[in-house]
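J.: First the structure, which I've put down as C-alpha cells, then a few questions once you've had a look.
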Amino acid sequence: AAPAERIDGKAFATALRADVAEGSARFRAQAGRQPGLAVILVGDDPASQVYVKTKMRQAADAGITSFPHLLPGNTNQDELLQLIALLNGDDQVDGILVQLPLPAQIEEKAVIEAIDPAKDVDGFHPVNVGRLSTGQSALVPCTPLGCLLLLQDRLGDLSGKKAVVVGRSNIVGKPMGQLLLNAHCTVTTVHSRSQDLAAECRSADILVVAVGRAEMIDASYIKPGAIVLDVGINRIALEDGQSRLTGDVDFDAVSTVAGAVTPVPGGIGPMTVACLLRNTLSAAQARTAH
Ligand code: NDP
C-alpha cells in the first residue's frame, strides 16, 4: 500500500491564524480595540517561557493584544488570585491564560476556578467543561479543538465514524472524546487500565493519541487507512548528548498502515496555539455581543 499522507498541521495552523487575523480586524473595526489576551507565567521554567513567547508573538501577528504578567517563582496563591480578579474586571482583557504547570505552593484547581468562564480561553473551568458536555456553546480546550478542526477539514462530516481516544486527561483525552461525541462519532476512550489496547485501537477510523509515551503506538495498533493524530510531545535523549522531540506514535511504522498521520513536531502542536488565538477572538466576540 502507498505510505500514509503526512498531515501538515503547521500549514493548517498558519491558515487558521490568518482567519483569526481577519476576524480580529473586523472585531477592531466594530469594537474600537483589538481582542486582548492576558498571559500569566509564574516562575522561570524554560519550556514554559518558550510556550509563552510563541503564544504572544503569534497573538501579535493575529491582531490580538497581549498583556503579559511574568511573576516570580515564589508568588503565592492569594497574589495570583488577586491578579486574576483584576483581569476578570478589566474590559480590555477577553482571555486569561495561566501557563501550567504552576509552582507547588499554588493550587491549580483554585486558579482555574477563579477565572471568569467567559474569559477562560483554555477551556479548563468546570463551567466550560459542563457546557461542552451538555452540548452548549463553550470555550473548548485548545489541543482537542485543534484535533477536531483538522479532522473536519479532511473528513468533513464525522457522523458515524469509529473514533478511539488514547488517554483520559482533563486537558486532552476527555474533552477530545466529548468533541467527537458531539460530532456524532462512536467514541471509545482507552487508558492505562484498558485491556487489549491494540485491538481497541485497530477498530478506529480516527485514532487520537495523547499518552505521553514516546512512540508507543506502532503499526499493530492501526486499522488500514485510519487517520491518526499524535498529540504526544516527548523529549528523548540521544547518544551524542543531544535530544529530539518525538510523539506517542512511531511515525514511520504507522505510516505503512494508516491513511494519514500527523508528525511531531509540525502536527498538533501548532494547532494548539492557533486555537488559543481562535478562542480569544471567540471570547471577545461573545463578550461584546451582549
Ligand atoms: P496525562 O499524563 O495527563 O495523561 C496521559 C493519559 O494516558 C492518562 O489518561 C493515562 O492513563 C494514559 N496512559 C498512560 N500510559 C498508558 C499506557 N501505557 N497505555 C494506555 N494509556 C496510558 O497527559 P496529557 O493528556 O496532558 O498529555 C499527553 C501527551 O500530550 C503528553 O506527551 C503531552 O506532552 C502532550 N501534549 C501536547 C499538547 C500539544 O499542544 N500538542 C498539549 C497537551 C499535551 P490513566 O488515566 O489511567 O493514568
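The values are calculated or read from the model by the stated rules, or taken from the named source; none is laboratory data. Only a predicted model underlies this, so the values are computations on that prediction, with no experimental measurement involved. Heads up, the Cβs are rebuilt from the backbone with ideal geometry, glycines too, and the neighbour counts pull from every protein chain shown.
J.: Can you tell me which residue in the stretch 49-65 is surrounded by the most Cβ atoms within 10 Å (Cβ to Cβ), limited to those that are among the β-branched types (Val, Ile, Thr) and part of a helix (DSSP H, G or I)?
T.: Val52
J.: Looking for something in a helix (DSSP H, G or I) and buried (at least 17 other Cβ atoms within 10 Å of the Cβ) - is there at least one such residue anywhere in the stretch 29-48?
T.: no
J.: Now for a different question. When only residues in the stretch 66-105 that are under 23 Å from the mean Cα position of the chain (by Cα) and assigned to a loop (DSSP other than H, G, I, E, B) count, which is surrounded by the fewest Cβ atoms within 10 Å (Cβ to Cβ)?
T.: Looking at residues that are under 23 Å from the mean Cα position of the chain (by Cα) and assigned to a loop (DSSP other than H, G, I, E, B), I get Pro101.
J.: Restricted to the stretch 192-232, and to residues that are within 14 Å of the ligand (Cβ to nearest atom) and of a type in the set (Asp, Glu), which residue is surrounded by the fewest Cβ atoms within 10 Å (Cβ to Cβ)?
T.: Looking at the filtered set, the residue picked out is Asp196.
J.: Does at least one position in the stretch 147-159 carry a residue that is within 11 Å of the ligand (Cβ to nearest atom), touching a Leu at 6+ places or on another chain (Cβ under 9 Å) and either assigned to a strand (DSSP E or B) or among the hydrophobic types (A, V, I, L, M, F, W, C) (or both)?
T.: yes
J.: Continuing with the same structure: Do we have any residue at all in the stretch 161-183 that's crowded, with 22+ Cβ neighbours inside 10 Å and free of Cβ contacts under 8 Å to residues at least 24 places away in the same chain?
T.: Yes, the stretch 161-183 has at least one match.
J.: On to the next question. Thr188 passes all but one of (1) assigned to a strand (DSSP E or B); (2) polar (S, T, N, Q); (3) within 11 Å of the ligand (Cβ to nearest atom); which number fails?
T.: Evaluating Thr188 over (1) assigned to a strand (DSSP E or B); (2) polar (S, T, N, Q); (3) within 11 Å of the ligand (Cβ to nearest atom) leaves (3) as the failure.
J.: Can you tell me which of (1) farther than 23 Å from Leu145 by Cα; (2) assigned to a loop (DSSP other than H, G, I, E, B); (3) assigned by TED's automatic domain parsing to the domain that holds Asp91 is the one Ala2 doesn't meet?
T.: (3)
J.: Those residues that are farther than 17 Å from Asn170 by Cβ and touching a Lys or Arg at 6+ places or on another chain (Cβ under 9 Å), I need them from the stretch 91-126; list them, please.
T.: Passing the criteria: Asp91, Gln92, Val93, Asp94, Gly95, Ile96, Ala118, Lys119.
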